[in-house]
Structure formats: structure tokens, C-alpha cells
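What follows is a set of notes on a single structure, which appears directly below.
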Amino acid sequence: MSDPSVPHHVAIVMDGNGRWATSRYLPRIAGHKQGVEALRTCVQSCIDRGVAVLTVFAFSSENWNRPTEEVSGLMDLLGMALTREVPRLQANGVRMHFVGNRLQLSSKVQAGLVQAELDTSKNQRMIFNICFNYGGRWDIAQAAQKLVDSGQAITEMALDRAMALAHVPDPDLLIRTGGELRISNFLLWQSAYSEFYFTNKLWPDFDAAALDEAIVFFKTRERRFGQTSAQLKTQGKSHPVKVHAVKVA
Ligand code: IPE
Ligand code: IPE
Ligand code: MG
């Protein structure tokens with residue numbers, strides 16, 4: 001039985017790489033490289049704490065608007081990180097999923113994503129979703145288009161099934177590093193009842209202790225899902241378990 005005080009699904013907006021680098025008089029890409037290191041630590045910490053699903057925002061639909069040099073640096077970094085990190089993730093029982101519009105990525109990057117997913121497809125210890133070229137609005141639109149194409153009625157459940165994260169329950173805890181108090185087009189649909197945790201820590205500085213702080217915050221929240229506090233008390237639950245009829249993880 002998993003520990004109910006540990007969030008089942010943690011989602012993270014990994015923000016602050018650029019500022020981390022700039023404050024050290026380094027090029028922004030150095031911050032992104034350090035961000036990969038922080039992500040490696042975070043994956044391990046999530047496994048150690050019994051988190052079942054980790055979803056991270058690595059590149060947004062809007063990040064194409066950055067200088068060409070930074071965008072191409074991020075694409076190269078994705079390729080390098082795949083080569084370097086997949087064997088470790090594989091050994092750790094982590095199953096990878098890439099979430100986002102792949103069609104705009106180079107065929108080489110696309111092939112790398114497919115291979116990483118294939119290599120880790122049998123793993124069961126933790127699901128690791130990497131949102132790359134992802135936008136919450138893109139996700140809702142592509143889900144709606146799928147329903148239109150298959151002639152289905154647009155219901156909440158049908159949309160939910162067609163969304164890019166249909167293979168996992170909604171995030172319980174959504175963390176944003178870097179001090180901004182906004183969602184920046186991350187999981188617009190799926191974060192309807194997530195607990196939000198914002199920290200000023202820049203992503204490359206986010207370590208195991210910082211994750212623990214976020215989990216401590218999560219434990220203090222009363223998740224009511226529209227009910228009253230008194231109702232929860234009579235039901236003998238600190239927070240109701242939201243039923244995910246269509247999601248499996
Ligand atoms: C987040 O860090 C990583 C990406 C968006 C790819 P930023 O690059 O946005 O870092 P700041 O916000 O400029 O510090
Ligand atoms: C959100 O960060 C996207 C990722 C972390 C990948 P941004 O840095 O792009 O967000 P804004 O532009 O400050 O809202
Ligand atoms: Mg940013």
C-alpha cells in the first residue's frame with residue numbers, strides 16, 4: 001500500500017535555469033545543463049519517496065519564441081540527455097513518456113524519443129512524463145480534434161481519455177520553481193484539483209530537501225474536491241480519494 005501522505009503524481013514547472021546561469025555570468029545554456037543534473041536528482045528522490053508518477057515541463061510550445069541559439073541548444077541538450085540518462089533510468093525501473101507535439105521536432109529527436117520510450121516500456125517503478133513542445137491549450141485542442149475525427153460527443157470523460165496524459169491520474173502536487181506565480185500553459189486541464197506549491201528556488205538548486213519541503217506542504221493541505229471540511233470529517237478521511245474512472249496508473 002502506498003503512503004497516502006506522499007503525492008501519487010508530482011508535476012513540476014522547472015523554471016529558473018536562465019537566471020541561475022546569468023547570476024554566475026554563464027551562458028543560459030549552462031543553466032539548462034545544470035537543470036538536467038537537478039532533474040536526475042529529482043527523479044531519484046521521487047523514486048526513493050514512493051512517488052508513482054513524475055511529470056516535468058521541459059520545453060513549452062511558447063519556448064520556440066526564444067533566441068534561435070537557445071532553442072537549438074535545448075534541442076541538442078535533449079539529445080545528449082537521452083543518450084546519457086536513459087540507461088540509468090532503465091536500470092532504475094523508470095518508464096518514460098514524451099508528451100507534446102512531436103511533429104515539430106527534428107526526425108532525429110523524434111526517433112530518440114521513440115527509442116527511449118521503447119527501451120523503458122516494461123518498467124514499473126515510476127512513470128516519468130517529459131513534456132516537451134507541450135502546451136495545455138495544444139493538449140485540449142488535440143484531444144477535441146480526436147473526438148471530432150472519430151465522431152464522438154465532447155464530454156468531460158471523452159476529452160479526458162483523449163488528452164496527452166490519459167495514461168496517468170491527474171497531478172496531486174504541482175510545483176513551480178523560479179518564483180513566478182503562473183501556470184505558463186502547463187497542465188491546464190489536468191491541474192483542476194492539484195495542490196500548487198511555488199518556491200523561489202531556481203530549478204538547478206532544487207534538491208532532495210527542496211522536494212521534501214514541497215511534500216511537507218502537500219501533507220498540510222485538506223483536499224476537499226468541492227465538499228466541505230465537515231463532510232470529510234464525517235467520512236473519516238483527511239482528503240477524499242478522487243476517482244479516476246478512466247486513468248490507470
Ligand atoms: C526553464 O528555465 C527552462 C525552460 C523554459 C526551457 P528558464 O530558461 O525559463 O529560466 P529563466 O526563467 O529564464 O530563469
Ligand atoms: C515555463 O517556463 C516552461 C518551462 C519550464 C519549460 P517559462 O520560463 O517559459 O515561462 P514564462 O515565459 O516565464 O511564463
Ligand atoms: Mg523561465
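The values are calculated or read from the model by the stated rules, or taken from the named source; none is laboratory data. All of these numbers come straight from a predicted model, not from anything done at the bench. Please note: Cβ atoms are built from the backbone with ideal geometry, for glycine as well, and neighbour counts cover all protein chains shown.
Do you know which residues across segment 150-167 are buried (at least 20 other Cβ atoms within 10 Å of the Cβ) and touching a residue at least 60 places away in the same chain (Cβ under 8 Å)?
A164, L165 - these are the residues of segment 150-167 that are buried (at least 20 other Cβ atoms within 10 Å of the Cβ) and touching a residue at least 60 places away in the same chain (Cβ under 8 Å).
Between R84, R95, R161, which is within 30 Å of P7 (Cβ to Cβ), outside any helix (DSSP H, G or I) and either modelled with pLDDT under 95 or within 21 Å of the chain's Cα centre (by Cα) (or both)?
R95
Looking only at residues that are away from ligand 3 (no atom under 11 Å from the Cβ) and over 12 Å from F206 (Cβ atoms) in segment 23-35, which one is surrounded by the fewest Cβ atoms within 10 Å (Cβ to Cβ)?
By that ranking, first place goes to Y25.
Here is a yes/no grid of residues against (1) within 17 Å of V43 (Cβ to Cβ); (2) away from ligand 1 (no atom under 14 Å from the Cβ); (3) buried (at least 19 other Cβ atoms within 10 Å of the Cβ):
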| site | (1), (2), (3) |
| --- | --- |
| V71 | no, no, no |
| L89 | yes, yes, yes |
| V94 | yes, yes, yes |
| N101 | no, yes, no |
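Can you list residue pairs whose Cβ atoms sit under 7 Å apart, with the first residue in segment 181-201 being free of Cβ contacts under 8 Å to residues at least 24 places away in the same chain and more than 13 Å from ligand 1 (Cβ to nearest atom) and the second being outside any loop (DSSP other than H, G, I, E, B) and aliphatic (A, V, I, L, M)? Count only pairs 6 or more apart in sequence or on different chains.
F196/L174
Tell me the residue from D212, D170, D139 that is crowded, with 21+ Cβ neighbours inside 10 Å, at pLDDT 95 or above, among the charged types (D, E, K, R) and not in a loop (DSSP other than H, G, I, E, B), please. Break it down stepwise before answering.
Values: D212 fails: crowded, with 21+ Cβ neighbours inside 10 Å; D170 fails: not in a loop (DSSP other than H, G, I, E, B).
Answer to the check: D139.
Only one of these is touching a helix residue (DSSP H, G or I) at 6+ places or on another chain (Cβ under 6 Å), on the phi < 0 side of the Ramachandran plot and without any contact (Cβ under 8 Å) to a residue 24 or more places away in the chain: L118, L77, L103, L147. Name it.
Working: L118 fails: touching a helix residue (DSSP H, G or I) at 6+ places or on another chain (Cβ under 6 Å); L77 fails: without any contact (Cβ under 8 Å) to a residue 24 or more places away in the chain; L103 fails: touching a helix residue (DSSP H, G or I) at 6+ places or on another chain (Cβ under 6 Å).
So the residue among L118, L77, L103, L147 that is touching a helix residue (DSSP H, G or I) at 6+ places or on another chain (Cβ under 6 Å), on the phi < 0 side of the Ramachandran plot and without any contact (Cβ under 8 Å) to a residue 24 or more places away in the chain is L147.
In segment 36-59, which residue that is touching a Cys at 6+ places or on another chain (Cβ under 7 Å) and within 16 Å of ligand 3 (Cβ to nearest atom) is farthest from M75 (Cα to Cα)? So that I can check it myself, show each step before the final result.
Looking only at segment 36-59, we keep the residues that are touching a Cys at 6+ places or on another chain (Cβ under 7 Å), and these are 54-58.
Filter once more, so that each one left must be within 16 Å of ligand 3 (Cβ to nearest atom): 56-58.
Working: V56: 16, F57: 14, A58: 11 Å.
Ranking the candidates gives V56 first.
Give just the number: which of (1) assigned to a loop (DSSP other than H, G, I, E, B); (2) closer than 20 Å to P7 by Cβ; (3) modelled with pLDDT of 95 or more does K242 not satisfy?
(3)
Could you identify the single residue in A192, A230 that is within 22 Å of E62 (Cβ to Cβ) and surrounded by fewer than 13 Cβ atoms within 10 Å (Cβ to Cβ)?
Working: A230 fails: within 22 Å of E62 (Cβ to Cβ).
Result of the check over A192, A230: A192.
This table checks each residue for (1) in a loop (DSSP other than H, G, I, E, B); (2) touching a residue at least 60 places away in the same chain (Cβ under 8 Å); (3) more than 10 Å from ligand 2 (Cβ to nearest atom).
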site: P7; (1), (2), (3): yes, yes, yes
site: V10; (1), (2), (3): no, yes, yes
site: L26; (1), (2), (3): yes, no, yes
site: V36; (1), (2), (3): no, no, yes
site: C46; (1), (2), (3): no, yes, yes
